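Below: the structure, in structure tokens.
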Amino acid sequence: MITLDQAKALKPGDIIYHAIARNADGTAQRWKVNGEAKTWKTLPGRVSVPVKHGLRGYDYVNEKNLHFICLSDPTKGGKAKKRKRYAYKVVRIEDELSCNMQFDINNFLVRRYQDGSILEAHPGTPGIFLFKRLEDCKRFVSTCSKFWKIKRVIPLAPLKRVKKSIMVGAETIASCHDNEDLKDVMTIFYKGPSATRYSDLIIQETPKGTYTCQKIQVVGDLVERGEKEFER
């Protein structure tokens, strides 16, 4: 409903909605103010506002029917839905594990990115590596499209841009057998290759557009209309 003061403030061209009457599609009936609001100095509790609906519907908003009037469509009430923000994770086609080809199923860091699953990064790691922009993800996948595919995911924690120009190589990560190994490797990730005590650890460049996230929900394989860019 609207108040008396709101009714008096209506101007020609304003749109109002009926609180009960509905259109065929379920939305609220829409009326347009088509004249000036009439008020009376000696009768401050009265108001009369001419309104129009469609081609032949005419009526008046007055102090007796304010409870039938809304300034916005009541059928679209409530909080507006937030648009889901997706990110993109590259996984192996065969087993839906991380695209790290050196990982085996028994590695304690391995994650299987099954549709609908919620996954958290292993404690002590920078997070799950993914891409925020689809074009960056496609560019990375194109280097090995016969073995990799793209999963659409929903970040459940803040995304962090990987600013380092280097990251620990795939073989190094896959060689971790416990948390002590991981601790040494993560020292390299955070401080750069000069921090390592070992000379045989492999370093590789970070793919453009790489982000990390501590927790994600897997939606499913990326399928684009009219395109078959990647083998499945």
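What the table shows:
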quantity	calculated
Unmet criterion (only one of (1) touching a strand residue (DSSP E or B) at 6+ places or on another chain (Cβ under 6 Å); (2) hydroxyl-bearing (Ser, Thr, Tyr); (3) closer than 21 Å to Thr75 by Cβ) for Ser48	(3)
Test: residue in the stretch 8-16 that is of a type in the set (D, E, K, R), at pLDDT below 95 and surrounded by fewer than 11 Cβ atoms within 10 Å (Cβ to Cβ)	yes
Extreme residue, modelled with the lowest pLDDT, among residues of the stretch 60-76 that are surrounded by 13 or more Cβ atoms within 10 Å (Cβ to Cβ) and in a loop (DSSP other than H, G, I, E, B)	Asp73
Selection count where residues are at pLDDT 85 or above and either hydroxyl-bearing (Ser, Thr, Tyr) or surrounded by 12 or more Cβ atoms within 10 Å (Cβ to Cβ) (or both), scope the stretch 122-142	14
Enumeration of residues in the stretch 107-142 that are in a strand (DSSP E or B) and at positive phi	none
The stretch 79-94 residues that are closer than 16 Å to Trp148 by Cα and aromatic (Phe, Trp, Tyr), paired with ones that are at pLDDT 70 or above and assigned to a strand (DSSP E or B) (beta carbon under 9 Å, 6 or more apart)	Tyr88/Leu130; Tyr88/Phe131; Tyr88/Ile150; Tyr88/Lys151; Tyr88/Arg152; Tyr88/Val153
Check on Gln204, at pLDDT below 60 and of a type outside the set (Lys, Arg)	yes
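The values are calculated or read from the model by the stated rules, or taken from the named source; none is laboratory data. No experiment lies behind these values; they were computed from the predicted model shown. Cβ: placed from backbone, ideal geometry, glycine included. Neighbour counts: every protein chain shown.
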